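Working notes for the structure below.
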Amino acid sequence: DVKVTQSSRYLVKRTGEKVFLECVQDMDHENMFWYRQDPGLGLRLIYFSYDVKMKEKGDIPEGYSVSREKKERFSLILESASTNQTSMYLCASSWGLKRERLTGELFFGEGSRLTVL
Amino acid sequence: SQQGEEDPQALSIQEGENATMNCSYKTSINNLQWYRQNSGRGLVHLILIRSNEREKHSGRLRVTLDTSKKSSSLLITASRAADTASYFCATDFSGTYKYIFGTGTRLKVLA
């Protein structure tokens, strides 16, 4: 089975701290995604990556950056955490367009609930 | 954003009844997917329907797609208490696997 692992289920940070959220997938997927989920707003795409060192902004990239140095790992970075970044963060991965198995299905991690005080 | 919107936002039914939830979207798509999320957990893929398909079944799930109306529906038949969860539709941008999610329908199935 595909496994997407997020490093922390729960984090509590202080305003201004630098925060790293790590995500690792074990299925050699090309695409990886970071979403943010808030009540009433659903899932909103922050960033996605379709290859190593490649990234594209989603709908709400402000205040976030990402890093993909290896294919299996996609990190979300909050350079200076703020209280409005308190949220559930969801990482996902999927096959790329060039794969034969073009289902487009996203595989999600269990989520990281971040609280910024 | 071509974010989809699910309707209703919340639904409460008795065990054994059918549950129907709808999704509307704004622009042309290649695929539409439905996902399920148990409280506080990640999302799990349920079913994908392509733009050239009108209906698809998987177990107790039935999905329809009407591209002329830019809408889809998910029907769960003979619902169970274990079906209690939030359900999301996700639509893709043409030529990519960048999926945009709706706001979800919270389904509660009462035993």
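Here, each number is a calculation from the coordinates, and none is a lab measurement. Keep in mind it's a predicted model, so treat the numbers as computed, not measured. Backbone-built Cβ (ideal geometry, glycine too); neighbour counts: all protein chains shown.
The figures follow:
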item: Extension reserve of the A:L41-A:S65 stretch, reckoned as 0.36 nm per residue once the Cα distance is removed; result: 6.5 nm
item: Once the Cα gyration tensor of the range B:17-81 is diagonalised, semi-axes √(5λ) in Å; result: 21, 14, 11
item: Distant-in-sequence amide H partners of A:S8 (H built 1.01 Å from N, under 5 Å); result: A:E22
item: Relative compactness, the range A:1-50, computed as alpha-carbon Rg over 2.2 N^0.38 Å; result: 1.34
item: Cα→Cβ-extended label distance, 7 Å offset, between A:S8 and B:S28, nm; result: 4.5
item: Value of relative contact order over chain B, rounded to a whole percent, pairs C-alpha under 8 Å and six or more apart; result: 38
item: FRET efficiency for B:V44 and B:S68, using Cβ-Cβ distance with R0 set to 30 Å, rounded to 0.05; result: 0.50
item: Net charge, A:Y89 excluded, C-beta distance under 10 Å - Lys, Arg +1, Asp, Glu -1; result: +2
item: Value of relative contact order over chain A, rounded to a whole percent, pairs C-alpha under 8 Å and six or more apart; result: 35
item: Estimated FRET transfer efficiency when R0 is 45 angstrom, pair B:L61-A:S80 (beta carbons, to 0.05); result: 0.55
item: Average projection area in nm² (convex hull over Cα atoms of the protein assembly as shown, one quarter of hull surface); result: 12.2
item: Stokes-Einstein D (µm²/s) once Rh is taken as the Kirkwood radius of chain B over alpha-carbon pairs, at 37 °C in 0.692 mPa s; result: 236
item: Share of alpha-carbon pairs per 10 Å distance bin for the range B:5-44, given as whole %; result: 20, 46, 30, 4
item: Surface/4 estimate of mean projected area, convex hull on alpha-carbon atoms of chain A, nm²; result: 7.0
item: Karplus-derived 3J(HN,Hα), 6.51/-1.76/1.60, for each residue of the range B:47-61, Hz, glycine and proline x; result: 6, 10, 10, 8, 5, 8, 9, 10, 8, 8, 10, 8, x, 8, 9
item: Gap separating the Cα centres of the range A:26-100 and the range B:54-85, nearest whole Å; result: 28
item: Cross-link pairs beyond the 29 Å C-alpha cut-off, checked among A:K3/A:K55; A:K71/B:K98; A:K53/B:K70; result: A:K53/B:K70
